[in-house]
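The values are calculated or read from the model by the stated rules, or taken from the named source; none is laboratory data. It should be emphasised that the depicted structure is a prediction, and the values quoted were computed from it without experimental measurement. Every residue, glycine among them, receives a Cβ derived from its backbone with ideal geometry; neighbour counts consider all protein chains shown.
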Amino acid sequence: MRTPSRARFLTPFALITSATLLLTACGPGSDTGGDTVGKAAGADQIPTTDVVSGIAEDPASARLLPARTTSLTLALSVGGTPPGTTYLADGTTLTGQDVDFADAVAKVLGIRLKTEQASFEAILPALDSGKYDVGASNFGVTDERRKTIDFVTYINDGQGFATRDDSKLGKVTDLKQLCGLNVATGAGTTFEATLEENKHLCTDAGKKAYQVQTYSEQGAIWSSLQQGRSDIVMSTINGLRYAVSQQSGVKFLNEFHRLDVGFAFKKHSDLAPAFRSAVNKLIADGSYAKILKKWGTTASAIPTSQISPPELKG
């Protein structure tokens with residue numbers, strides 16, 4: 001495969017590297033994030049339309065909360081490319097699709113959210129300990145996670161691929177198409193788990209296994225692709241589409257596997273019914289569609305919210 005010249009990619013990749021970090025809501029326990037030609041991404045390009053302040057409280061949904069619930073602690077993994085959670089240009093205001101959905105649900109339920117930042121991989125374990133009441137970081141609903149975590153779905157996202165414009169790679173429908181390649185992805189994500197679990201497909205077919213290259217930052221992933229150390233990126237569908245739309249020289253290949261995405265709670269949480277009712281209220285009154293439109297993720301809409309549905313297959 002021809003390695004692109006450094007000069008061709010340096011400017012857009014350098015800018016996006018400095019502006020963004022990886023948010024993988026479809027991580028090992030998670031995930032995925034949606035959510036991705038144009039200029040390099042920057043805080044001044046993040047959508048700021050207010051789609052939350054006009055949302056009214058819904059007494060029917062609020063009554064489903066445990067008695068005397070007035071506030072909850074929300075854990076967010078910060079540092080993603082939109083629609084993932086990031087900062088506005090002021091450096092202090094958090095924004096992103098998960099932020100809007102969490103704030104919208106809080107409005108419907110008439111409660112206050114105390115937001116705390118946490119690393120993606122730390123949130124799910126901390127829910128069980130009671131450190132946080134709810135997590136919202138584009139967590140993909142998998143059968144493995146449902147054993148210890150309850151989810152209230154609000155979108156779907158999942159796994160996808162992107163590569164350089166000059167790559168001969170096409171639509172990836174079988175991981176054996178990656179045999180012999182270097183695949184960049186986020187550390188501790190469902191992408192890493194999927195890749196590691198299926199490396200044997202190549203050797204079983206008598207081919208050289210692909211190499212999984214993991215990074216904790218989005219910028220490092222794209223730099224690896226830029227410099228020719230990686231041949232392809234696996235990450236969230238919505239996140240890849242957005243990232244590709246913000247930089248030249250790269251292309252989104254295809255969706256590989258869709259997953260429902262949901263608010264995360266400790267198992268058997270009594271908060272889940274209220275959150276499900278609130279999401280369904282947002283869907284019914286049109287607020288839901290406004291949030292998706294703002295973040296360019298309309299294709300990730302779900303018809304109704306569910307509590308811990310089985311993992312999507314196929």
Quick one: in segment 44-87, which of the residues that are farther than 27 Å from residue 131 by Cα and under 18 Å from the mean Cα position of the chain (by Cα) is modelled with the lowest pLDDT?
46
Going by the structure shown, is residue 91 in a loop (DSSP other than H, G, I, E, B), touching a strand residue (DSSP E or B) at 6+ places or on another chain (Cβ under 7 Å) and over 12 Å from residue 138 (Cα atoms)?
no
Given the conditions (1) out of contact with any helix residue (DSSP H, G or I) (no Cβ under 8 Å at 6 or more places or on another chain); (2) buried (at least 24 other Cβ atoms within 10 Å of the Cβ); (3) farther than 25 Å from residue 274 by Cβ, which single one is not true for residue 98?
(3)
Counting only residues in segment 190-221 that are aliphatic (A, V, I, L, M) and in contact with a helix residue (DSSP H, G or I) (Cβ under 8 Å, 6 or more places away or on another chain), the one modelled with the lowest pLDDT is identified as 220
Inspect all residues belonging to segment 114-128 and state whether any of them is at positive phi and not assigned by TED's automatic domain parsing to the domain that holds residue 254.
no
Within segment 94-117, can you find the residues that are under 17 Å from residue 62 (Cα atoms) and either part of a strand (DSSP E or B) or among the aliphatic types (A, V, I, L, M) (or both)?
102, 104, 105, 106, 108, 109, 111, 112, 113
Consider segment 80-111. How many of its residues are at positive phi and of a type in the set (S, T, N, Q)?
0
On the given criteria, is residue 150 within 23 Å of residue 274 (Cα to Cα), of a type in the set (D, E, K, R) and assigned to a strand (DSSP E or B)?
yes
From 282, 271, 292, 253, grab the single residue that is within 28 Å of residue 103 (Cβ to Cβ), among the aliphatic types (A, V, I, L, M) and within 19 Å of the chain's Cα centre (by Cα).
292
Under the condition of being of a type in the set (A, V, I, L, M, F, W, C) and more than 11 Å from residue 183 (Cα to Cα), which residue from segment 193-208 is surrounded by the fewest Cβ atoms within 10 Å (Cβ to Cβ)?
205
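For every residue, the table says whether it meets (1) among the β-branched types (Val, Ile, Thr); (2) exposed (fewer than 14 other Cβ atoms within 10 Å of the Cβ).
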site: 118; (1), (2): no, no
site: 138; (1), (2): no, no
site: 141; (1), (2): yes, no
site: 144; (1), (2): no, yes
site: 149; (1), (2): yes, no
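Matching residues to (1) in the same structural domain as residue 86 (by TED's automatic domain parsing); (2) of a type outside the set (Gly, Ala, Ser); (3) at pLDDT 90 or above; (4) buried (at least 23 other Cβ atoms within 10 Å of the Cβ):
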site: 245; (1), (2), (3), (4): no, no, no, no
site: 251; (1), (2), (3), (4): no, yes, yes, no
site: 265; (1), (2), (3), (4): yes, yes, yes, yes
site: 268; (1), (2), (3), (4): yes, yes, yes, no
site: 275; (1), (2), (3), (4): yes, yes, yes, yes
site: 279; (1), (2), (3), (4): yes, yes, yes, yes
site: 312; (1), (2), (3), (4): no, yes, no, no
